[in-house]
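Note sheet for the following structure.
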Amino acid sequence: MRQIEADNRPGWSGRTGDLHPHWHFRYAVPMKKTVVLYALALAVGALLLQWVEHQYSLRLLSVEVYVLILATGFTVLGIWLGHRLTRGPKQAAPTRNQKALDALKISDKEYEVLELLAAGHSNQEIAERLFVSPNTIKTHLASLYRKLEVSRRTQAVSRARELRLII
């Protein structure tokens with residue numbers, strides 16, 4: 001058999017003719033289940049509407065009750081449909097950009113200083129939290145400014161957020 005570039009389809013090995021004949025059934029089952037559930041829900045809804053209409057035609061239900069049942073049914077349907085159509089894809093929690101940290105060669109201590117800087121701490125507060133001298137913090141900040149190509153604290157924090165170094 002002729003070898004070709006591998007495809008991402010399940011059951012595909014990269015050789016022509018190797019696609020399993022039933023590979024699509026694995027993906028069709030959840031879809032069939034959804035279709036059956038919607039069909040059942042639609043059938044039950046149609047039966048309920050027919051029953052309510054029959055009760056109304058026999059004058060067992062007043063106009064107000066009939067309208068209330070219909071309004072409630074369509075309100076519930078609208079809320080469910082709106083929720084179903086407007087929910088977006090789940091987004092993963094933002095993570096820091098490790099590749100940028102590695103490319104900029106930002107050390108662990110510099111990263112700690114950057115996080116505390118972004119939290120709004122002064123040099124003295126950062127020094128106290130990290131148990132180092134304020135001059136060491138100034139050295140780390142100078143190194144961060146050089147690596148981030150900025151000249152101020154606010155620019156450093158802004159640039160770090162832009163590069164997703166801090167979250």
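What follows draws every value from the coordinates through simple rules; no lab data is involved. Not measured: the values here are computed from a predicted model. All Cβ positions, glycine included, derive from the backbone under ideal geometry; neighbour counts span all protein chains shown.
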Original post:
Roughly how many debye, to the nearest 20, is the charge dipole of segment 121-167 about its Cα centre, given +1 on each Lys and Arg Cβ, -1 on each Asp and Glu Cβ, and no other charges?
Top reply: 160 debye
Subject >> Loop-located chymotrypsin sites (Phe, Trp or Tyr not before Pro) in segment 60-113, at most 12 other Cβ atoms within 10 Å (DSSP) >> reply: none
Subject >> Euclidean distance of C-alpha centroids, segment 125-141 and segment 143-160, integer Å >> reply: 16 Å
**OP:** State the extension gain, in nm to one decimal, for the chain segment bounded by Leu58 and Leu85, taking 0.36 nm per residue of separation less the distance between their alpha-carbons.
**Re:** 5.9 nm
**OP:** Place a +1 charge on the Cβ of each Lys and Arg in segment 94-153 and a -1 charge on the Cβ of each Asp and Glu, then give the dipole magnitude about the Cα centre in debye, rounded to the nearest 20.
**Re:** 220 debye
Original post:
Once label points are set 7 Å from the Cα along Cα→Cβ at both Val35 and Lys138, what is their separation, rounded to one decimal in nm?
Top reply: 7.4 nm
Subject >> FRET E, pair Val67, Gln98, Förster distance 45 Å, beta-carbon r, rounded to 0.05 >> reply: 0.15
